[in-house]
């Protein structure tokens, strides 16, 4: 059911980087992580994982991604994730790769209509957004995740 964590992250990242190029992603500049992230402005399916149980297909919701690397992904969400343990469905037709991921940060940001992402000050997040108005941008959470292992979601028999 679960693959080797190191091989999984590498395989998922390589596949996702291929998909990233297809979606017009660009390598990030001035990266401070151990490997560069690429822009990944596509929509992918993500679900919370509770304990060791895998989510059902109906549990997945679509989120706009921000960037990706061979070790992780970030995406925008209107609220904080329900769990720090997630499953990401990386859709690269005709294949879908399911990867378990751990949330490593959740930052309140303002996504401007131009696509620019600004971190909101901790001291006045909601007040600042109300003052700016939604025409200036949409308040979201930027959720950063680290891939942990590949998972296989097997359809269950209707019995």
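Each reported figure results from applying straightforward, stated rules to the coordinates on display, with no laboratory input. For clarity, every value in this text was computed on a predicted model and none was experimentally measured. Don't worry about glycine lacking a Cβ; one is built from the backbone with ideal geometry, like all the others, and counts go over all protein chains shown.
Can you put 42, 113, 83 in order of Cβ neighbours within 10 angstrom, beginning with the fewest?
113, 83, 42
Can you sort 119, 103, 151 by how many other beta carbons sit within 10 Å, fewest first?
Placing the least packed residue first, the sequence is 119, 103, 151.
Among 52, 68, what is the fewest-to-most ranking by other Cβ atoms within 10 Å?
Going from sparsest to densest Cβ surroundings: 52, 68.
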